[in-house]
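Before any comments, here is the structure.
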Amino acid sequence: MNQSFDDERRWLQGTLTRDIPLGGAMELTVARLDAHGVTLELPLGANVNDKGTAFGGALASAMILAGWSLPRLLMRRAGLKAELVIGRCEIRFTRPVASGFQAFCAWPDQADCERFVRRLGESGRASLVLEPEIRADEEVAASLSAKYAALGTSGSPQ
């Protein structure tokens, strides 16, 4: 991992566990951040339901946080300050998760990233559609299609 991604990974870990207390309660860690995307790892114990499998709300939250991480990093890199929220989402649960799991979100293509930063800088509003997923035992167990919206003022440093 290059130094830039390593620094961002440490910053993101703090953001997701201190600034968003739910991430800390879920005991998530930023396992990987690179040119492919972000991977969050979560233990079953902190996210278990009454059936001994991962709670659906924990799976949904992990995917939302994985997706949220990428536009948040784009804003940080560009020095733009804005509120980042999830505008809409659709979740599919495809199999139960009976072990620790990962939430993965791939970077959108470069043109979409550039458009997001440009629009946020020009108008103070931008959005990205992302598709995070839950992986457990090397299989996809859930997927999310979500629109993340950034609303704020342009040009303000982070």
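Every number here is computed from the coordinates shown, using simple stated rules; none is lab data. Please read all numbers here as calculations on a predicted model, not as lab measurements. When we count neighbours, we look across all protein chains shown, and the Cβ atoms used for this are built from the backbone with ideal geometry, even at glycine.
A few notes on this one:
- If R0 equals 41 Å, the separation of the Cβ atoms of Ser123 and Phe93 corresponds to a calculated FRET efficiency of about 0.70.
- Above 26 Å, the calculated P(r) of the chain contains 24 percent of its Cα-Cα pairs.
- Sparse-neighbourhood loop sites, GluC sites (Glu not before Pro) in segment 56-158 - DSSP loop, at most 12 other Cβ within 10 angstrom: Glu138
- Between helix 3-14 and the chain: long-axis angle, C-alpha atoms, 0 to 90°, nearest 10: 70
- Cα-based equivalent ellipsoid, segment 73-131: semi-axes from gyration tensor eigenvalues, Å: 28, 12, 11
- Within a Gaussian network of the chain (alpha carbon springs, distance under 10 Å), most fluctuating of Ile91, Ile64, Ile134: Ile91
- Within a Gaussian network of the chain (alpha carbon springs, distance under 10 Å), most fluctuating of Ala66, Ala54, Ala25: Ala25
- Under 13 Å, Cβ to Cβ, from Gln13 - net charge with Lys/Arg +1 and Asp/Glu -1: -1
- In segment 1-78, GluC sites (Glu not before Pro) in a DSSP loop with at most 16 other beta-carbon atoms within 10 Å: Glu27
- Contour minus Cα-Cα distance for Arg76 and Asp34 (0.36 nm per residue): 13.6 nm
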